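Following: one structure in structure tokens, then a few remarks.
None of the figures in this text is laboratory data; all of them are computed from the coordinates on show. Remember, it's a predicted structure, so these values are computed and weren't measured experimentally. Every residue, glycine among them, receives a Cβ derived from its backbone with ideal geometry; neighbour counts consider all protein chains shown.
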Amino acid sequence: MLTEPSTLSGEVKMKLSVAVKTYRLSAGLTQQQLATAADLAVPHISRIENGRVRAMGLDVLKRLAVALKVEPGVLASCELDGVA
């Protein structure tokens, strides 16, 4: 199982940034609320949403998914189906 942070390519960073921000806004959450729910720092959420995160571990992806009430695979694949 992958637990160490994985380096993200530019394309994956951009898709992930759009997915996280889109799901966060759809859920009506601020960056602060998402950070609290996912047990992450607000600057880390900002870096993710702005495509400036260099690597991300599976644990962070899972915490974001739980906080956003989506399956981790949805964020991992950067899917946006059905998001308002």
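Fewest to most neighbouring Cβ within 10 Å: what's the order for GLU11, GLU49?
GLU11, GLU49
On a full-extension model of 0.36 nm per residue, what is the gain between SER9 and SER46, subtracting their alpha-carbon distance, rounded to one decimal in nm?
Contour length minus the Cα-Cα distance gives 11.5 nm.
Shape of the stretch 6-74 from its Cα gyration tensor (a ≥ b ≥ c, root eigenvalues): rounded if a/c is under 1.5, otherwise prolate when a/b > b/c, or oblate?
Rounded shape, in that the Cα axes give a/c under 1.5.
Dipole of the stretch 6-74 (Lys/Arg Cβ +1, Asp/Glu Cβ -1, origin at the Cα centre): which of SER9, ALA37, LEU68 lies farthest to the positive side?
Going by the charge dipole, the pick is SER9.
Can you give the extra length, in nm with one decimal, that the chain gains between LYS69 and GLN33 once fully stretched, where that is 0.36 nm per residue apart less the Cα-Cα distance?
Gain in length upon complete extension: 11.6 nm.
Would you mind ranking VAL74, VAL42 so that the residue whose beta carbon has the fewest other beta carbons within 10 Å leads the list?
Ranked by crowding around the Cβ, least crowded first: VAL42, VAL74.
In which sequence would SER46, SER9, SER17 go, from the one with the fewest C-beta neighbours within 10 Å to the one with the most?
In order of increasing Cβ crowding within 10 Å: SER9, SER46, SER17.
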